[in-house]
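One structure below.
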Amino acid sequence: MPEQRRILRTELPGPRSRERHERRGEVLPRGLGTTLPVFVERAGGAIIVDVDGNHLIDLASGIAVTSVGASAPAVVSRVRDQAAKFTHTCFLVTEYDGYVEVAARLNALAPGDHPKRTALFSTGAEAVENAVKIARAATGRPGVVVFDHAYHGRSLMTLAMTAKDDPYKTGFGPFPGQVHRAPYAYPLRWPGGAEKCAAEALAALEELLAEVGADTVAAIVVEPLQGEGGFVVPAPGFLTGVQEVARRHGIVFVVDEVQSGVGRTGAMFASEHEGIVPDLLCTAKALGGGLPLGAVTGRAELMEAVHPGGLGGTFAGNPLACAAALGVLEMFEDGALLERARDIEAEIRERLSAVQSPWIAEVRGRGAMMAIEFVRPGSLEPAPEVAKAVAARCHAQGVLTLVCGTYGNVIRLLPPLVISSELLSDALDVLAEAVTGIDVRPEPGAR
Ligand code: PLZ
């Protein structure tokens, strides 16, 4: 485990990273983005060590993946043991215990005490695509309803479901049809104000269903706390309302917890904060503790609607990924990591509440899924240049932060849940300094 301390030995990126990054340009297409062009030598806990020997504080967790820490011992030892036994059989060819055990655990953990089934996949997009397939098979209906600012993946179906065009969708259409979009209850940006947000968003959903025909819709797919779209916590009552609308119309209620799930928000699933019970629950990311694993967990009668052979994939539920997931789920068993996620929220809120800046519209989120939205002073006009500048300042100081949001004006914080208070506090000091040091001038005319 690398020393859990921020250490800067060179400027960032350092010379060795720069050299490698240059080579990358000759080998990889430019379509693959990069947040911070630093090459990693090793990582452990909440520290990433780069090839120049710098220790970066990880406030990204590989986009909400290494929640139990990079190279968590419970994950590494299980993967190592599994690799020594066998690396792959394809579960569609011959079976193994790890797959069934992960499914059993997810069935027990997912909200609701109805009978459940779980099918495993390799990525979040694959989980979401399969949820749509299952919902269609179960209802015999084609339509899918998604929301503004939604992110569901980069495969063609999930791109159709993802809201933001640039960079995800640009030039990649046409996309599958019968994907309808309703407004998400985004309190800060709701035209009628936060008070009316949930009720008006639900009315708009009903209106959309009336328009397209509720009985043509197989699934409503919602993120309980939006990820890429800006870490939007929906107005209270919105999620329960969406669930109620779905049930009333015989539509499968699909909850995409690819980013918010598996402990990230201080509960095993963000659904629990509002007491919603997904018909189908999509997970991935943190589930595999760094190995690629996705899952759809759902009501037995829906999951069983698919004919034998209708679900699967060569790598779906790979044994190494299943071994890793069992390590991850074991680490959540005693509740300490969930408690830590809630403490992380408190620590972030406390530190950031002391930061006075006219550029901050809101600090929001749940657990270790927190964000700051930046706007031009005195307005709600997004300030992506500020988010970018703050991220760049953090990066230069060895704190890895990510930007998100439809307008690119949100800094998100996704530390591993194993981060110590000392390390988090150091990172937050860097972030706070980056925010107060913003030297972007408000444009003339801006209040
Ligand atoms: N659903 C809610 O957040 C992935 C995307 C990174 P995959 N988010 C990170 C990028 O730019 O590609 C995500 C998500 C939600 C689905 C997905 C898709 O998960 O594992 O990336 O396919």
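The values are calculated or read from the model by the stated rules, or taken from the named source; none is laboratory data. The model shown is predicted, which means the values in this text are computed figures rather than measured ones. Note that each Cβ is placed from the backbone with ideal geometry, even for glycine, and that neighbours are counted across all protein chains shown. Accessible surface areas use protein heavy atoms only, side chains included; no ligands, DNA or RNA. Shrake-Rupley method; radii C 1.70, N 1.55, O 1.52, S 1.80 Å.
Residue 301 versus (1) part of a loop (DSSP other than H, G, I, E, B); (2) open to solvent by 20 Å² or more (accessible area, probe 1.4 Å): which is the lone unmet condition?
(1)
Farther than 26 Å from residue 336 by Cα, in contact with a Pro (Cβ under 7 Å, 6 or more places away or on another chain) and surrounded by fewer than 22 Cβ atoms within 10 Å (Cβ to Cβ): which single residue out of 49, 27 fits that description?
49
Out of everything in segment 13-53 that is part of a loop (DSSP other than H, G, I, E, B), of a type in the set (Gly, Ala, Ser) and over 30 Å from residue 171 (Cα atoms), what residue ends up being farthest from the ligand (Cβ to nearest atom)?
Filtering segment 13-53 for residues that are part of a loop (DSSP other than H, G, I, E, B), of a type in the set (Gly, Ala, Ser) and over 30 Å from residue 171 (Cα atoms), the one farthest from the ligand (Cβ to nearest atom) comes out as 53.
Quick check: is even one residue across segment 242-252 over 23 Å from residue 339 (Cβ atoms), within 16 Å of the ligand (Cβ to nearest atom) and in the same structural domain as residue 181 (by TED's automatic domain parsing)?
If we filter segment 242-252 for residues that are over 23 Å from residue 339 (Cβ atoms), which is where we start, we get 242-252.
Retained after the next criterion (residues that are within 16 Å of the ligand (Cβ to nearest atom)): 242.
From what's left, in the same structural domain as residue 181 (by TED's automatic domain parsing): 242.
Scanning segment 242-252, I find at least one residue that is over 23 Å from residue 339 (Cβ atoms), within 16 Å of the ligand (Cβ to nearest atom) and in the same structural domain as residue 181 (by TED's automatic domain parsing), so the answer is yes.
Among the residues that make up segment 67-84, is at least one of them within 16 Å of the ligand (Cβ to nearest atom), closer than 26 Å to residue 403 by Cα, under 23 Å from the mean Cα position of the chain (by Cα) and of a type outside the set (Phe, Trp, Tyr)?
The first filter runs over segment 67-84 and keeps only residues within 16 Å of the ligand (Cβ to nearest atom), leaving 67.
Narrowing the set further to residues that are closer than 26 Å to residue 403 by Cα leaves 67.
Among the residues that remain, those that are also under 23 Å from the mean Cα position of the chain (by Cα) are: 67.
After this cut, where a residue has to be of a type outside the set (Phe, Trp, Tyr) as well, the list is 67.
Taking every residue of segment 67-84 in turn, at least one turns out to be within 16 Å of the ligand (Cβ to nearest atom), closer than 26 Å to residue 403 by Cα, under 23 Å from the mean Cα position of the chain (by Cα) and of a type outside the set (Phe, Trp, Tyr).
Cβ-Cβ below 7 Å, separation at least six or inter-chain, first residue in segment 127-156 and within 17 Å of residue 295 (Cβ to Cβ) and within 11 Å of the ligand (Cβ to nearest atom), second in a helix (DSSP H, G or I) and open to solvent by 40 Å² or more (accessible area, probe 1.4 Å): which pairs?
Note: pairs meeting the criteria are 155/129.
I'd like the full set of residues that are among the charged types (D, E, K, R) and either open to solvent by 30 Å² or more (accessible area, probe 1.4 Å) or in a helix (DSSP H, G or I) (or both), limited to segment 56-83. Break it down into steps so the answer makes sense when it comes.
Quick first cut of segment 56-83, residues among the charged types (D, E, K, R) only: 58, 78, 80-81.
Of everything in segment 56-83, those that are among the charged types (D, E, K, R) and either open to solvent by 30 Å² or more (accessible area, probe 1.4 Å) or in a helix (DSSP H, G or I) (or both) turn out to be 78, 80, 81.
Of the residues 288, 294, 313, 263, which is closer than 26 Å to residue 431 by Cα, of a type in the set (Gly, Ala, Ser) and within 16 Å of the ligand (Cβ to nearest atom)?
Among 288, 294, 313, 263, only 263 is closer than 26 Å to residue 431 by Cα, of a type in the set (Gly, Ala, Ser) and within 16 Å of the ligand (Cβ to nearest atom).
If you go through segment 190-204 one residue at a time, do you hit one that is open to solvent by less than 50 Å² (accessible area, probe 1.4 Å) and farther than 23 Å from residue 373 by Cα?
Scanning segment 190-204, I find at least one residue that is open to solvent by less than 50 Å² (accessible area, probe 1.4 Å) and farther than 23 Å from residue 373 by Cα, so the answer is yes.
Quick check, is residue 225 within 16 Å of the ligand (Cβ to nearest atom) and within 14 Å of the chain's Cα centre (by Cα)? Break it down stepwise before answering.
Numbers: within 16 Å of the ligand (Cβ to nearest atom): yes; within 14 Å of the chain's Cα centre (by Cα): yes.
Spelling it out, residue 225 is indeed within 16 Å of the ligand (Cβ to nearest atom) and within 14 Å of the chain's Cα centre (by Cα).
I'd like to verify a number: residues in segment 368-413 that are buried (at least 24 other Cβ atoms within 10 Å of the Cβ), acidic (Asp, Glu) and either assigned to a loop (DSSP other than H, G, I, E, B) or not assigned by TED's automatic domain parsing to the domain that holds residue 353 (or both), how many?
0
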